[in-house]
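The values are calculated or read from the model by the stated rules, or taken from the named source; none is laboratory data. Just so we're clear, the structure is a prediction, and the values are computed from it rather than from any experiment. Note: ideal-geometry Cβ built from the backbone for every residue, glycine included; neighbour counts use all protein chains shown.
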Amino acid sequence: MTALIDRIRHELIGQGRGLLTVFGLRPLVYADYTASGRSLGFIEDYIQNTVLPWYANTHTTSSATGAQTTAFREQARSEIAKAVNAGDQDQVIFCGSGATAAVDKLLKLLELDRPCDPEQPRPVVFIGPYEHHSNELPWRESAADVVSVCLNARGKLCLEDLAKKLELFSDRPLKVGSFSAASNVTGIKTDVPAVSRLLKQHGALCCWDYAAAAPYTKIDMNAATPLDAVSISPHKFIGGPGTPGILVVKRSVFKRRIPSVPGGGTVSWVSPNGHRYLPAGAEREEGGTPGIVEAIRAGLVFKLQQQVGIEEIEIREHNYATRAMQRLLAHPDIEVLGPADENRLALFSLRIKHDGKDLHYGFVTALMNDLFGIQLRGGCSCAGPYGHYLLGLTPKLSAMIDKASEQGFTAFRPGWVRLNFNYFITEAEFNYLLDALTLVADHGWRMLPYYQHDSKTNTWRYQGIAPKVESLADLDFSQALPNNTVAAPKLGQTLSDAERILRAPRTAQERVFSLNVKPEHESICWFRLPQDVIPLLDH
């Protein structure tokens with residue numbers, strides 16, 4: 001398995017590439033896999049050399065190209081079904097943009113997008129305490145009542161609270177549990193078997209959002225307690241960019257008489273005066289010309305995951321998660337959000353402090369990019385309700401921040417810095433990420449007055465300099481395509497350069513910035529301001 005993991009490392013598109021920042025050339029080191037995976041050369045080569053030469057629409061099998069493309073797509077569906085232990089009663093449906101589209105598809109299959117009879121009890125959906133917005137907002141907008149289950153004392157989903165609420169709403173005609181298998185903020189895993197058993201005992205459907213967890217954990221549609229539905233975002237897998245969302249769902253869940261999206265490919269017969277839809281199933285729910293290559297790519301990334309082996313992935317993840325937690329907790333100015341639980345993904349959301357107050361997540365993210373080439377994410381990670389709990393936001397503070405943000409004062413939006421340690425990264429990259437975080441926690445505050453906050457984008461920029469980005473407008477297909485590949489500097493040398501920049505006295509040519517805060521916003525200003533640290537730079 002080491003050989004395959006080495007191949008993943010070496011064929012990661014962008015690996016070893018230099019990134020030009022305001023401080024010079026830096027190695028591009030990606031640590032935002034929780035948001036999206038990265039492409040792999042051997043997967044893209046297979047698509048280019050084997051799939052695309054035979055590409056055609058799948059709505060025909062009479063031609064050689066149509067037959068081959070249809071076969072590839074159905075083989076991809078089979079690879080995914082095998083990976084999640086789907087049976088004959090399970091349907092694998094390709095659907096649009098990630099788990100968001102999969103949850104939306106599930107909601108429509110349950111006919112919760114339609115108004116309910118006001119004379120009858122409404123359906124009810126139970127959600128967890130650390131849901132991504134994609135597994136909460138669709139249910140809020142549905143015909144169901146939404147009931148949140150709280151955290152227990154250990155910071156995990158409370159089974160006792162779930163049991164009480166299932167009992168309280170036992171008279172509802174349709175009960176659905178829709179929970180995240182793992183938090184995309186803290187990496188905490190949910191006890192899927194225990195929650196599923198409890199749901200089944202109370203006659204509720206057990207549906208799972210595996211968006212954050214699927215690349216790193218086992219999914220079993222037909223364990224001792226079978227799952228009713230699972231939503232997946234394959235774009236988060238290594239090799240996954242350019243893949244559709246996936247809903248794996250039991251046939252028994254299908255309630256609709258008509259497809260959720262009527263159109264081509266959903267019918268068996270159409271006459272001038274009528275039509276007949278296909279039987280309920282994946283084909284009826286994939287109307288129109290689908291993302292064909294995208295679906296095939298999804299099958300390939302699942303096949304790769306299975307060849308690496310879930311057990312191997314989990315062992316490597318656990319190793320990185322345990323060691324990273326130890327180092328992060330040891331630093332007095334780094335706060336790890338959520339419980340320090342061993343049963344977790346190797347992802348972390350952090351608050352970096354200076355003298356007891358946060359350095360803004362946007363500033364930390366900018367520093368990590370500019371000084372080290374490290375790609376992180378700052379913000380609330382699309383988990384606002386969980387963020388309120390983690391950051392201790394009261395309803396009053398929340399309303400004040402919302403109002404200020406709506407008025408254009410975006411800096412007050414709370415959040416954190418998130419990164420993950422993917423199973424295939426090298427030991428050198430693992431240590432580089434932690435060493436960089438340590439340097440920023442130790443000395444990052446020194447750079448704060450030299451970064452300007454842009455309220456339109458809620459970003460921080462050294463000397464107010466906007467990064468240069470490539471533009472499609474500059475592309476001329478009549479000319480040879482540009483090759484902008486530049487080799488990256490060594491990780492050790494970059495760390496030394498970054499420490500020198502952080503510790504060095506600033507030059508007279510560097511402009512100093514401040515961020516003015518109105519008196520009515522002082523109570524919601526949770527982060528260290530540039531002007532706060534200027535007096536400290538003389539010492």
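Looking at PRO332, PRO385, PRO395, just one residue is within 19 Å of GLY155 (Cα to Cα) and in the same structural domain as TRP460 (by TED's automatic domain parsing), and that residue is PRO385.
Could you pull out every one of the strands (runs of 3 or more DSSP E) wholly within region 370-481 that has 3 or more residues that are out of contact with any Ser or Thr (no Cβ under 7 Å at 6 or more places or on another chain) and surrounded by 16 or more Cβ atoms within 10 Å (Cβ to Cβ)?
On the way: elements: 377-379, 416-420, 451-454, 459-462.
Strands (runs of 3 or more DSSP E) meeting the threshold: 451-454, 459-462.
Close contacts from region 386-406, counting a first residue that is at positive phi and a second that is in a helix (DSSP H, G or I) and crowded, with 17+ Cβ neighbours inside 10 Å, with Cβ to Cβ under 7 Å and a gap of 6+ residues or different chains, come to none at all.
Under the condition of being closer than 14 Å to GLY128 by Cα and out of contact with any Ser or Thr (no Cβ under 7 Å at 6 or more places or on another chain), which residue from region 199-240 is surrounded by the most Cβ atoms within 10 Å (Cβ to Cβ)? Per the criteria, the residue is TRP208. Against the list (1) in contact (Cβ under 8 Å) with a residue 40 or more places away in the chain; (2) in contact with a Lys or Arg (Cβ under 9 Å, 6 or more places away or on another chain); (3) not polar (S, T, N, Q), the condition LEU25 fails is (2). For region 311-334, give me each residue that is among the hydrophobic types (A, V, I, L, M, F, W, C), closer than 22 Å to ASP220 by Cβ and in contact with a helix residue (DSSP H, G or I) (Cβ under 9 Å, 6 or more places away or on another chain). The answer is ILE313, and nothing else.
Identify, from the list ALA56, ALA31, ALA35, ALA67, the residue that is in contact (Cβ under 8 Å) with a residue 12 or more places away in the chain, farther than 30 Å from SER496 by Cα and among the hydrophobic types (A, V, I, L, M, F, W, C).
Working: ALA31 fails: farther than 30 Å from SER496 by Cα; ALA35 fails: farther than 30 Å from SER496 by Cα; ALA67 fails: in contact (Cβ under 8 Å) with a residue 12 or more places away in the chain.
ALA56 is the lone residue from the list that is in contact (Cβ under 8 Å) with a residue 12 or more places away in the chain, farther than 30 Å from SER496 by Cα and among the hydrophobic types (A, V, I, L, M, F, W, C).
Being touching a strand residue (DSSP E or B) at 6+ places or on another chain (Cβ under 8 Å) and within 25 Å of ARG297 (Cβ to Cβ) narrows it down to one residue among LEU162, LEU151, LEU106, LEU157; which is it? Spell out how you get there, then give the answer.
Numbers: LEU162 fails: within 25 Å of ARG297 (Cβ to Cβ); LEU151 fails: within 25 Å of ARG297 (Cβ to Cβ); LEU157 fails: within 25 Å of ARG297 (Cβ to Cβ).
That would be LEU106, the only listed residue that is touching a strand residue (DSSP E or B) at 6+ places or on another chain (Cβ under 8 Å) and within 25 Å of ARG297 (Cβ to Cβ).
Check region 494-514 and report whether any residue there is assigned to a loop (DSSP other than H, G, I, E, B), assigned by TED's automatic domain parsing to the domain that holds HIS331 and under 28 Å from the mean Cα position of the chain (by Cα). Within region 494-514, not a single residue is assigned to a loop (DSSP other than H, G, I, E, B), assigned by TED's automatic domain parsing to the domain that holds HIS331 and under 28 Å from the mean Cα position of the chain (by Cα).
Considering every residue within region 11-20, establish whether at least one is of a type in the set (Val, Ile, Thr) and not assigned by TED's automatic domain parsing to the domain that holds VAL293. Yes: region 11-20 contains one or more residues that are of a type in the set (Val, Ile, Thr) and not assigned by TED's automatic domain parsing to the domain that holds VAL293.
Please pick out the residue among GLY264, GLY338, GLY287 that is under 18 Å from THR217 (Cβ atoms) and touching a Gly at 6+ places or on another chain (Cβ under 8 Å). I'd like the intermediate steps shown before the answer.
Details: GLY264 fails: under 18 Å from THR217 (Cβ atoms); GLY287 fails: under 18 Å from THR217 (Cβ atoms).
One residue alone meets the criteria, GLY338.
Quick one: is LEU329 modelled with pLDDT of 95 or more and buried (at least 19 other Cβ atoms within 10 Å of the Cβ)? It would help to see each step written out before you state the result.
Numbers: modelled with pLDDT of 95 or more: yes; buried (at least 19 other Cβ atoms within 10 Å of the Cβ): no.
Considered against the rule, which asks whether it is modelled with pLDDT of 95 or more and buried (at least 19 other Cβ atoms within 10 Å of the Cβ), LEU329 comes out as no.
Please determine, by comparing only the residues of region 113-134 that are of a type outside the set (D, E, K, R) and free of Cβ contacts under 8 Å to residues at least 40 places away in the same chain, which one is farthest from PHE254 (Cα to Cα).
To start, the set of residues in region 113-134 that are of a type outside the set (D, E, K, R) comprises 115-116, 118, 120-121, 123-130, 132-134.
Those left that are additionally free of Cβ contacts under 8 Å to residues at least 40 places away in the same chain: 115-116, 118.
Numbers: PRO115: 17, CYS116: 17, PRO118: 23 Å.
Among residues in region 113-134 that are of a type outside the set (D, E, K, R) and free of Cβ contacts under 8 Å to residues at least 40 places away in the same chain, the one farthest from PHE254 (Cα to Cα) is PRO118.
Among the residues making up region 483-493, none is under 16 Å from LEU434 (Cα atoms) and either in contact with a Ser or Thr (Cβ under 9 Å, 6 or more places away or on another chain) or not assigned by TED's automatic domain parsing to the domain that holds GLY14 (or both).
Just one of the numbered conditions (1) more than 26 Å from ASN85 (Cβ to Cβ); (2) loosely packed, with under 13 Cβ neighbours inside 10 Å; (3) assigned by TED's automatic domain parsing to the domain that holds LEU107 is not true of SER252: (1).
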